[in-house]
Amino acid sequence: MPELPEVETIKRYLNKAIVGQKIAEVEVLSKKQFSGRAKDIRGTKVIGLERRAKHLIVNFDNANSLLIHLKMTGQLVWTPRANADLPGKTTRIIIRFDKGTLFFNDMRKFGWIRILNKDQLDQELKRYGPEPFSKDFSIKYLQSIFQKTSKPIKTVLLDQEKIAGLGNIYANEALFEAKINPRKPAKALNQKEISRLKQAIVYVLKQGIKYEGSSAADEVYIKPDGSAGRYQQHFLVYQKQKQKCQKCGATIKRVNLGGRGTFFCPKCQV
DNA sequence: ATTGGGACCTGCTCGC
DNA sequence: TGCGAGCAGGTCCCAA
């Protein structure tokens with residue numbers, strides 16, 4: 001599912017494709033997934049893209065922005081010219097530029113696109129926790145949020161208001177990397193574990209970006225050119241239940257935590 | 001207040 | 001073989 005590395009990959013791709021282009025038209029096929037007035041961006045030029053948590057932000061030269069959330073099955077597919085495959089049956093919103101078209105596909109209709117002005121955008125994004133690559137994402141900060149709760153550490157990692165950008169895949173992988181059991185209460189983590197976890201989160205997210213995101217078996221994430229990411233080839237626990245741990249040979253377990261599939265090595269992760 | 005669970009959707013898998 | 005139940009997961013919303 002699109003988490004930080006997937007959205008970051010899309011951002012980098014679209015940064016090359018659409019910066020400097022003008023919006024010609026916005027066509028909304030699924031009304032509930034779109035809000036705002038298309039006329040507020042029609043004819044304006046894209047000046048840059050940003051990512052905040054799992055959101056993609058497209059900024060225009062009139063201080064308006066598109067705020068995009070792909071949720072689980074959203075895709076952004078860019079085509080410079082007419083393409084017989086697009087729009088497809090899951091295309092929900094079509095954004096036409098001078099030279100090319102951006103298709104927002106979303107099988108399950110959970111994702112959305114909103115048009116916001118600067119104030120609305122800032123208001124909307126301020127509630128999210130620190131970005132894992134920022135200096136605010138410190139051991140001291142993690143200590144302060146972990147000590148406040150006895151929720152399982154994995155549940156805390158998925159809370160966007162505490163840490164921005166982690167989803168189920170990278171939370172599982174980071175906990176394996178840090179050798180921490182996902183069910184361990186957050187407040188039970190010691191300094192050493194918190195330090196390992198912080199490093200592991202940064203590491204797995206960077207790996208995710210390096211391999212351009214995860215397009216696992218049941219994942220619909222693709223890059224804007226329609227090709228797949230490759231991080232799924234580097235999963236060590238996610239969807240590896242019943243397989244052998246690559247570090248110790250024990251069998252990877254799958255449990256349910258907060259309604260989410262949770263994967264870990266019972267021997268490596270204590 | 002915090003926390004847990006259902007709702008939102010659709011397509012796929014699994015069991016009867 | 002056919003069909004329905006269950007599942008998948010990011011986030012919001014409501015209830016205990």
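Computed from the coordinates by the stated procedures, all read-outs in this text should not be read as laboratory data. Not measured: the values here are computed from a predicted model. Don't worry about glycine lacking a Cβ; one is built from the backbone with ideal geometry, like all the others, and counts go over all protein chains shown.
Some notes on this structure:
- Remark: relative contact order (chain A) = 19 percent; criterion is Cα-Cα distance under 8 angstrom and separation of 6 or more residues.
- Computed extension gain for residue A:109 through residue A:21, at 0.36 nm per residue and net of the alpha carbon distance, reaches 29.0 nm.
- Surface/4 estimate of mean projected area, convex hull on alpha-carbon atoms of the range A:154-227, nm²: 5.6
- Mean residue ellipticity (222 nm) of chain A, computed from DSSP H runs ≥ 4 via -39,500 (n - 2.57), nearest 500: -7500 deg cm²/dmol
- Cross-link pairs exceeding 23 Å in C-alpha to C-alpha distance, out of A:135/A:184; A:154/A:187; A:39/A:99; A:240/A:267; A:54/A:206; A:151/A:179, comprise A:135/A:184.
- Separation of alpha-carbon centers, the range A:1-38 and the range A:229-270, rounded to whole Å: 33
- Taking A:193, A:25, A:212 and counting other C-beta atoms within 10 Å, the order from fewest to most: A:25, A:193, A:212
- Spin-label pair residue A:63-residue A:244: with each label point 7 Å from Cα along the Cα-Cβ axis, the two points sit 6.2 nm from one another.
- Footprinting exposure proxy for A:196, A:51, A:92, A:127 (fewest neighbouring C-beta atoms within 10 Å first): A:127, A:196, A:51, A:92
- Additional length obtainable on full extension of the chain from residue A:136 to residue A:124, 0.36 nm per residue less Cα span: 2.4 nm
- In the distance distribution for the range A:139-264, Cα-Cα pairs more than 23 Å apart total 30 percent.
- Listed peptides A:35-42, A:166-173 by packing density, highest first (mean Cβ within 10 Å): A:166-173, A:35-42
- Euclidean distance of C-alpha centroids, the range A:109-188 and the range A:42-57, integer Å: 22
- Only Cα sites of chain A enter the Debye sum here, all with the same form factor; the resulting log10 I(q)/I(0) across q = 0.07, 0.14, 0.16 1/Å is -0.27, -0.97, -1.17, listed in q order.
- The range A:61-101: radius of gyration and largest Cα-Cα distance (Dmax), Å: 12.0, 34
- Taking 0.36 nm per residue of separation and subtracting the Cα-Cα distance, full extension of the segment from residue A:227 to residue A:251 would add 5.4 nm.
- Convex hull (Cα only) mean projected area of the range A:4-125, reported in nm² to one decimal: 6.6
- Ordered by the count of other Cβ atoms within 10 Å of each Cβ, fewest first, A:71, A:140 give A:140, A:71.
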